[in-house]
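The values are calculated or read from the model by the stated rules, or taken from the named source; none is laboratory data. Since the model is a prediction, treat every value here as computed from it, not as a measurement. Positions of Cβ are generated from backbone atoms using ideal geometry, with glycine treated the same way; all protein chains shown enter the neighbour counts.
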């Protein structure tokens, strides 16, 4: 069982729109170890696995990251 907590619909819609537009923006999130991370990422997709919704994004080197939506502390671009 996961400790994932669904995010507000408005934020979810904002992340989906950013992915559709392939936007690049500063993202602040907590990693699996509880450490705060900050990076400029390209929004690629929203993925659901094991009941957890995640942002799939790429950093400036093209490395893909999978970030749980409930661990993202910054708002999506335009929200």
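Restricting 36, 65, 69 to residues that are modelled with pLDDT of 95 or more and touching a helix residue (DSSP H, G or I) at 6+ places or on another chain (Cβ under 7 Å) narrows the list to 69. Here residue 9 clears all of (1) loosely packed, with under 12 Cβ neighbours inside 10 Å; (2) free of Cβ contacts under 8 Å to residues at least 40 places away in the same chain; (3) over 15 Å from residue 76 (Cβ atoms) except the condition numbered (3). When residue 18 is tested against (1) touching a strand residue (DSSP E or B) at 6+ places or on another chain (Cβ under 7 Å); (2) under 18 Å from residue 77 (Cβ atoms); (3) free of Cβ contacts under 8 Å to residues at least 60 places away in the same chain, only condition (3) is not met.
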